[in-house]
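Reading through the structure tokens given below for one structure.
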Amino acid sequence: MRQAVTEFFGREPYTNIDPDQAVALGAAIQADQLAGNRAVGDDGLLLLDVCPLSLGLETMGGLAEKIIPRNTTVPTARAQEFTTFKDGQTAMSIHVVQGERELVSECRSLARFTLRGIPPMVAGAARIRVTFQIDADGLLSVSASEQTTGVQTHVEVKPSYGLGHDTVAQMLRSAMDSAESDAAARMLREAEVEARSLLDAVERAMGSDEALLLPREQFAILCAMQDVADALEQCAAGEGVNPLEQKLLRDGLRVATEALNAATTSFAARRMNAHVREAMSGRRLDQFAA
């Protein structure tokens, strides 16, 4: 360890201090400050607390999206925008989690609440701003608001409640030991979410604009959709396999997804042209310029 420090900083470390004594002296000085024993002209010492574990929320696919990373100095506040997954979605469930793992199932659940009153829109159009705020006492406040209407809700929780040093250390060791498998699982889940989103979009498009489909084209799209559905089933059946097998499942799903994208390219172009013509019908050019 000393050799590594020497190589990194380019100088020998100072080793004449007893680590236990240094910790004890620091604790004694801080206790003296807290007791109000401060000399004239002494501004005191500033002891900064940090967030021991990352805080975030659950996203599609059971993934943990970190909002406040571990070791962030408190008080602090972070915000991030999310959106809806389904057309016409008017509510969003917010699941607050704590931990370093990539999957929500391996993290600590802190709170759940629901944002209601989201205007019905197409999937991905709504803007939901989720704000995490930790005060100096370690109290976490999570709020969610829809940006166009202003509807919002929030929840408060004490993230450190019931967490001892041994528990935190165990959670960190688990995250480090599982880093490779967690990364593979996350990439596979993200590919699954993307594939399901594409399937839903194609199904909606075929339902609303079936007249624009050519017979042979429709058959090719249905076959490609079935291939994606089969690949998704294989991914679900392979839950918990090793990282290499997860990569093979992900690659197979990606190939099927790309094939579905290719099969729907012409159909998507015709849909866009038809919708543009419909929007322009009966309107003058100067109306668009205005």
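We did not get these values from a lab; they are worked out from the coordinates using the rules stated. All values reported here derive from a predicted model rather than from experimental measurement. Glycine also receives a Cβ, built like all others from the backbone with ideal geometry; neighbour counts cover every protein chain displayed.
With (1) crowded, with 16+ Cβ neighbours inside 10 Å; (2) touching a Lys or Arg at 6+ places or on another chain (Cβ under 7 Å) as the list, and residue 209 as the residue in question, which single condition is left unmet? Residue 209 satisfies all of (1) crowded, with 16+ Cβ neighbours inside 10 Å; (2) touching a Lys or Arg at 6+ places or on another chain (Cβ under 7 Å) except (1). Taken residue by residue, the stretch 191-207 has no member that is touching a Pro at 6+ places or on another chain (Cβ under 8 Å) and either more than 17 Å from residue 58 (Cα to Cα) or of a type outside the set (Lys, Arg) (or both).
Restricted to the stretch 86-99, and to residues that are crowded, with 17+ Cβ neighbours inside 10 Å and touching an Asp or Glu at 6+ places or on another chain (Cβ under 9 Å), which residue is farthest from residue 145 (Cα to Cα)?
Once the filter is applied, the top-ranked residue is 99.
For the stretch 85-95, a residue qualifies if it is among the hydrophobic types (A, V, I, L, M, F, W, C) and not in a loop (DSSP other than H, G, I, E, B), and the qualifying residues are 91, 92, 94.
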